[in-house]
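Novice: Structure below; questions to follow.
The values are calculated or read from the model by the stated rules, or taken from the named source; none is laboratory data. Not measured: the values here are computed from a predicted model. Neighbour counts are summed over all protein chains in view; Cβ atoms, including those assigned to glycine, are modelled from backbone coordinates with ideal geometry. These area figures cover heavy atoms from the full protein model, side chains too; ligands, DNA and RNA do not enter into them. Shrake-Rupley method; radii C 1.70, N 1.55, O 1.52, S 1.80 Å.
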Amino acid sequence: MFKMNFLRMRTDSALKKNKTPRSSKSYKQAATVGVLFTVEDKQKHLDIKDFIQQLEREGKTVQVLEYLPEKKENFEFKFDFFTIGHLSFWGNLTSPQIEKFIETPFDYLFNIDKQPHPLILNLLARSKAHCRIGRYAEAGHPYFELMIEQNGTNKGLIETMYNYTKQLR
């Protein structure tokens, strides 16, 4: 599929060109948080909703973007989302929601996926977030400032990411 080859080329280019200063504030100082994930099932949706509520209770401003794969249900239509339909033939991922999300200089950006997805990696490469957090993957170093080794459930991944992030000073 040509689109995906072009997307990979654009992602590699974005990694090289994105000069956003990467750093991590202490968790207490962090004000803005992004949450990026791929829709899988109702349980993951509920776990992410709980996580967002927890962050908001702690005074964080949270913005969410989900990737909705074909044949997956968008539970509640609660979050901004994008689909494979937002990928042009030339490998450009565009929509107002995507542009707003990647241009936001989040203090923390959580990617809550167990497996890296090429569309999500493209957004991570283009993101203006200061500290990108995701599950450990051997090829993940260019995309994340903090990677978490965790092989359990999505809820376990969220809790582990949250616990490590809270320790940042």
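Novice: Can you find, within segment 39-78, the residue that is nearest to Gln97 (Cα to Cα) among those that are open to solvent by 20 Å² or more (accessible area, probe 1.4 Å) and under 16 Å from the mean Cα position of the chain (by Cα)?
Specialist: Gln63
Novice: Mind listing just one residue for me: the one in segment 29-38 that is of a type in the set (Gly, Ala, Ser) and open to solvent by less than 10 Å² (accessible area, probe 1.4 Å) and, of those, nearest to the chain's Cα centre (by Cα)?
Specialist: Gly34
Novice: Would you check if Leu109 is in contact with a strand residue (DSSP E or B) (Cβ under 7 Å, 6 or more places away or on another chain) and aliphatic (A, V, I, L, M)? Outline the logic, then answer.
Specialist: Details: in contact with a strand residue (DSSP E or B) (Cβ under 7 Å, 6 or more places away or on another chain): yes; aliphatic (A, V, I, L, M): yes.
Yes: the conditions hold for Leu109.
Novice: Please work out if Lys128 is in a helix (DSSP H, G or I), more than 27 Å from Gly152 (Cβ to Cβ), open to solvent by 10 Å² or more (accessible area, probe 1.4 Å) and out of contact with any Lys or Arg (no Cβ under 9 Å at 6 or more places or on another chain).
Specialist: Taking the combined requirement at face value, the residue does not satisfy it.
Novice: Of the residues that sit in segment 143-161 and are hydroxyl-bearing (Ser, Thr, Tyr) and over 14 Å from the mean Cα position of the chain (by Cα), which one is farthest from Thr20 (Cα to Cα)?
Specialist: This residue is Thr153.
Novice: Looking at (1) in a loop (DSSP other than H, G, I, E, B); (2) open to solvent by less than 40 Å² (accessible area, probe 1.4 Å); (3) closer than 26 Å to Arg57 by Cβ; (4) in contact (Cβ under 8 Å) with a residue 24 or more places away in the chain, which is the one condition that is false for Leu168?
Specialist: Looking at each condition in turn, Leu168 falls short on (2).
Novice: So if I check each of Leu87, Leu65, Leu121, which one is in contact with a Gly (Cβ under 9 Å, 6 or more places away or on another chain), in contact (Cβ under 8 Å) with a residue 60 or more places away in the chain and within 26 Å of Asn5 (Cβ to Cβ)?
Specialist: Leu121
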